[in-house]
1. Can you tell me the length gained on complete extension of the stretch Q50 to M11, counting 0.36 nm per residue apart and subtracting the Cα distance?
2. Within the P(r) computed for the range 14-62, what percentage of the Cα pairs occupies the region above 18 Å?
Amino acid sequence: MQSREGRPNTMLHPLFVAGVLEGFEGTLDEVVGRVENPELNTQLDALRSQVAALRICAEEPVRQPEAGQTSPER
């Protein structure tokens, strides 16, 4: 079911979004360097960098609490 704005009511977990972006990033990584047009290749490489930055942004809020955890002392 969709809301009035046309968006689904269910929000996606940030790590799911990060995983999808990682897939895009890997696909772009395979394409970059295989395109004959140097300008297009440069734009694809820039897009790959943008996708990587978005992936990192999606991961940060979820990963930060893990970084703050310490192992119990013995």
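1. Extending this stretch completely gives an extra 11.8 nm.
2. On the way: 387 of 1176 pairs.
Value for the range 14-62: 33 percent of Cα pairs lie more than 18 Å apart.
The numbers here are math on the coordinates, done by the rules we state, and not lab data. Keep in mind that this is a model prediction, so the values were computed, not measured.
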